[in-house]
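The values are calculated or read from the model by the stated rules, or taken from the named source; none is laboratory data. On a predicted model such as this, the values are computed, not experimentally measured, just so you know. Here the Cβ positions follow ideal geometry from the backbone for every residue, glycine too, while neighbour counts run over all protein chains shown.
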Amino acid sequence: MSGHRSVFVSADDETLSVYGAQAARYAAFTDGSVDDPHLSRFIADVVPGGRVLDLGCGPGAAAAQMAQAGLVVDATDAVPEMVDMATAAHPGVTAWIATFDDIAGVDLYDGIWANFSLLHAPRTLMPAHLAALRTALKPGGRFHIGLKTGKGEKRDAIGRLYTYYEADELSDLLTAAGFSPRDQWTGADPGLDGTVAPWVVIAANG
């Protein structure tokens with residue numbers, strides 16, 4: 001996937017364990033997030049000094065870049081090892097352990113960065129997660145989501161559980177949750193398991 005891949009799971013213990021055990025390797029793998037054009041666009045589209053949520057911050061590289069750009073960053077992840085790395089390595093990033101179910105609040109954020117994190121959530125819970133994120137996003141705020149494309153659910157070669165979506169399906173889910181999809185990109189990149197997988201990124205407004 002392009003740039004920073006996030007880690008944020010709410011239920012699957014095996015997926016959490018994989019990320020915890022491979023936190024250092026994952027951090028090295030995601031070092032290229034500073035060159036992510038989607039992250040650069042996201043930062044440019046958020047109001048200067050705005051408050052943003054990095055949903056599934058992983059080791060914190062993307063959150064750090066947002067903070068360096070002057071944004072106020074809340075970073076969350078379900079993997080303690082990832083939160084420790086994000087907090088220790090990136091001054092200006094406030095990170096804590098949380099699951100998708102912990103996201104609450106109304107009109108809190110000027111932007112939400114959900115980059116390859118919600119792909120670990122069960123399909124049945126996706127509408128509720130998106131609705132909670134839309135409620136937490138200020139009207140007109142920027143929402144970024146990246147997911148792997150395909151159908152169904154399956155584990156990868158190292159044991160992580162994924163839920164796959166087609167681009168049109170994701171766009172419909174965003175619209176149903178109250179977002180206004182704006183731009184869309186597709187591509188394919190190798191993941192931590194070494195397998196090249198197709199992906200879709202959608203930028204939407206609240």
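Quick grid of which residues meet (1) closer than 20 Å to Phe42 by Cβ; (2) surrounded by fewer than 22 Cβ atoms within 10 Å (Cβ to Cβ); (3) modelled with pLDDT under 90:
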| position | (1), (2), (3) |
| --- | --- |
| Val106 | no, yes, no |
| Trp113 | yes, no, no |
| Leu130 | yes, no, no |
| Gly140 | yes, yes, no |
| Gly150 | no, yes, no |
| Thr163 | no, yes, no |
| Gln184 | yes, yes, no |
| Ala204 | yes, no, no |
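Inclusion of Arg51 among residues that are closer than 24 Å to Trp199 by Cβ, among the basic types (Lys, Arg) and surrounded by fewer than 23 Cβ atoms within 10 Å (Cβ to Cβ) is not warranted. Note down all Cβ pairs under 6 Å where the first residue falls in segment 179-204 and is more than 18 Å from Lys151 (Cβ to Cβ), the second is of a type outside the set (Ser, Thr, Tyr) and part of a loop (DSSP other than H, G, I, E, B), and they're at least six residues apart or on different chains. Pairs found: Asp189/Met1; Asp193/Asp156; Asp193/Ala157; Asp193/Ile158; Ala204/Phe179. Cβ-Cβ under 8 Å, sequence separation 6+ or interchain: first residue in segment 149-174 and under 15 Å from Thr186 (Cβ atoms) and in contact (Cβ under 8 Å) with a residue 12 or more places away in the chain, partner acidic (Asp, Glu) and surrounded by fewer than 17 Cβ atoms within 10 Å (Cβ to Cβ). Which pairs? Sorted first by the residue in segment 149-174, then by its partner, the pairs are Thr149/Glu166; Gly150/Glu166; Tyr164/Glu153. Among the residues of segment 84-104, those identified as surrounded by 23 or more Cβ atoms within 10 Å (Cβ to Cβ) and in a helix (DSSP H, G or I) are Ala86, Phe100.
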